[in-house]
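Before any comments, here is the structure.
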Amino acid sequence: MAYKIIASQCTSCSACEAECPNVAISEKGGTFVINPKKCTECIGYFDVPQCVAVCPVDNTCVIDTTYPRYQAAG
Amino acid sequence: MHASTTQDGAAGRLVTIDAVMQQVAEHKGCGTQGGSGKASCGSAAGQGDLPTEIWEKVKNHPCYSEEAHHHYARMHVAVAPACNIQCNYCNRKYDCANESRPGVVSERLTPEQAARKVLAVASTIPQMTVLGIAGPGDPLANPAKTFKTFELISQTAPDIKLCLSTNGLALPDHVDTIARYNVDHVTITINMVDPEVGAKIYPWVYWNHKRYTGVEAARLLTERQLRGLEMLTERGILCKVNSVMIPGVNDRHLVEVNRAVKSRGAFLHNIMPLISAPEHGTVFGLTGQRGPTAQELKALQDDCEGEMNMMRHCRQCRADAVGLLGEDRSAEFTTEKIMEMEVDYDLEGRQAYQARVEEERVAKVAAKQEELATLAGARSDITLLVAVATKGSGLINEHFGHAKEFQVYELSTAGAKFVGHRRVDLYCQGGFGDEDSLQTVIRAINDCHAVFVAKIGGCPKADLLGAGIEPVDQYAHEFIEKSAIAWFKGYLGKVAAGELVHSPRGDAAIRQGALIVAA
Ligand code: SF4
Ligand code: SF4
Ligand code: SF4
């Protein structure tokens, strides 16, 4: 699985963009979006997903269940 | 509020009331704050009791010198959208409540756009001497954008002072960069030094890749704020501390905060009222946490004043405010407009203009001293408040109906002391006769015995008298302090002659809601 941003709740504050270790987050059409191909759920980098930890609006960065669970390489 | 001083105030106001109202309806932001500060008026055009080296740095800074804010302008550029903490008085859909006027969302700029905007404004408004970065989030949670902006501006407009406001969490990491860019003023918002108190104000902080909550979060925040403050003052960078007064949460505690920040070298402490209403969508707004009344705020500011310089003129400018304090000309400088403007940065012209302002300031202080001398020897226990309608330059030069704020002075035989300001936006939207807004004005200055104006119509005059507030227009276009002292002398004379019985007045309301100056 990857994380996704619920666009209607995003304030476009950009805080998550700078914190993502995989540069998976970018601005698109006024709000921010996560590229699910790049998102590793922060596995291998941090104990908690950084976008979730920094986002000022709770439940805005959430698991996208349509993607398979991320598997750390090796 | 002061309107512009360079040109006629009315010219160049591009936003209609309707557009502003519309904006406000769309963006109900979180709390805005009112005033606070030391009437730093003594000897040399306002130095008061500040040490000379600090006075040299702040005398032209409208946010730090109550005296300077009549004459010089500042601007903020909104290049810093991200934040690293959550405050219960902030709704992050809008601007940072620490330093901004929520209610109107700032236009977000890239560092390059911001630098261009600064040049455009500085060329149009020669008294623009200060550039601040205050949001809409926390400048130090956006270090790349913040410092890039400073770099660009210091290259093209080296005479402009740079300042920034921060919640302090990331401050210790950036002190050296701040010193390198010659930032000479930093404002830290410190609402507590006790983590137990802090836990009621901050639900969480994000630090070192982790979200901390509760007392742990507040402890981390206060440690880093105080360390950052110490590191800055060690390097000779001026630090001001802002505190939001939250009745029942940190109101008494702020006396302790005042001591803690003073002992670490902060040169000014600015206590602002919490402004809170459910429609702001903030935690405090939703829980019904109230803000202080004008009297409660003044009492706390007075208590702290023995300790250090207080700042009473702060208006919590929006993150993209432009102009003299209390006015906002940002609508003249939207990104679209600045990209089209011919910008010609005239350093010499700016310096000549500023030299003229200095002469004006010296004249103003001399006039006050002269009038004060005539009061020497008079003895009376009476102290009272008066409200003044002004648009800058230290003069009574605003019409009652056009005033968007009133400055409040405390009068006693010791002289006239600036103690704050009251916002009353948009009383006159097209002639007098709007009963409700007149009542709003009266409520806002209800603790004053008189209101000094350049001009006032017959109807509001009668209503003010009915409410027990004397409208005074005989000092139109004269210096504020000199006039207030002269009027006070007359007042004392009447009381002594038995023509008048002095009686105290009640409390006043602090206006809730966002400032919408633009008209
Ligand atoms: S979970 Fe981590 S890797 Fe995925 S988008 Fe959020 S910050 Fe980036
Ligand atoms: S941190 Fe949250 S609100 Fe801010 S841009 Fe990212 S998703 Fe949007
Ligand atoms: S520091 Fe400013 S932007 Fe950040 S949560 Fe507090 S008030 Fe809001």
- Bins of 5 Å from zero: percent of alpha-carbon pairs in the stretch A:2-64: 4, 22, 35, 28, 10, 2, 0
- What list of ³J(HN,Hα) couplings, whole Hz, do you get for the stretch B:474-480 from phi and the Karplus terms 6.51, -1.76, 1.60, once you set θ to phi - 60° and write x for glycine and proline? 6, 9, 3, 6, 9, 5, 4
- Query: In peptide B:252-259, what is the residue-averaged number of other protein chain Cβ atoms found within 10 Å of each Cβ?
  - Reply: 0
- Ranked A:CYS61, B:CYS239, criterion: other C-beta atoms within 10 Å, fewest first: B:CYS239, A:CYS61
- Query: If each of B:ALA352 and A:ILE43 carries a label point 7 Å out from its Cα toward its Cβ, how far apart are those two points in nm?
  - Reply: 7.0
- Query: On average, how many beta carbons from a partner chain sit within 10 Å of the beta carbon of a residue in A:10-19?
  - Reply: 6
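To the nearest 0.05, what FRET efficiency results for A:VAL23 and B:VAL362 with a Förster distance of 51 Å applied to their C-beta separation?
That pair, A:VAL23 with B:VAL362, gives E of 0.35.
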- Step through the table entries B:LYS117/B:LYS210; B:LYS200/B:LYS262; B:LYS461/B:LYS494; B:LYS240/B:LYS298; B:LYS145/B:LYS298; B:LYS298/B:LYS364, compare each Cα-Cα distance with 30 Å, and write down the pairs that go over it. B:LYS117/B:LYS210; B:LYS145/B:LYS298
- Order by neighbour count: B:HIS399, B:HIS174, B:HIS502, fewest other Cβ atoms within 10 Å first, most last. B:HIS502, B:HIS399, B:HIS174
- Query: Sorted from fewest to most neighbouring beta carbons within 10 Å, what does the list B:SER123, B:SER276 look like?
  - Reply: B:SER123, B:SER276
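If I take R0 = 25 Å and measure r between the Cβ atoms of B:ARG180 and B:GLU216 in this structure, what FRET efficiency does the formula 1/(1 + (r/R0)^6) give, to the nearest 0.05?
My answer for the efficiency is 0.20.
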- Message: With the alpha-carbon atoms as the only input, what is the per residue convex hull volume for the stretch B:379-496 in Å³?
- Response: 93
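Let me confirm one metric for peptide B:79-85, namely the mean number of other chain beta-carbon atoms within 10 Å of its residues' beta-carbons.
Other-chain Cβ atoms within 10 Å of each residue's Cβ, averaged: 4.
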- Task: May I ask for the distance between the Cα centers of the stretch B:204-244 and the stretch B:457-506, given as a whole number of Å?
- Result: 46
- Task: Would you work out if the stretch B:140-279 is rounded, prolate or oblate? Take a ≥ b ≥ c from the square roots of the eigenvalues of the alpha-carbon gyration tensor; rounded if a/c is under 1.5, else prolate when a/b is larger than b/c, oblate otherwise.
- Result: prolate
- Task: Could you list which residues have their amide H under 5 Å from that of B:PHE452, counting only those 5 or more apart in sequence or on another chain, with H placed in the peptide plane?
- Result: B:ALA387, B:VAL388, B:ALA389, B:VAL472
- Item | Förster radius 51 Å - calculated FRET efficiency between B:ASP194 and B:ASP381, Cβ distance, rounded to 0.05 | 0.85
- Each label sits 7 Å from Cα toward the beta-carbon; between B:ASP302 and A:THR66 the label points are separated, in nm, by 6.4
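Readers should treat all values here as calculations from the given coordinates under stated rules, not as data from a laboratory. Just so it is clear, the model here is predicted, and its values are computed rather than measured. Reconstructed Cβ throughout: ideal geometry from the backbone, glycine too, with neighbour counts over all protein chains shown.
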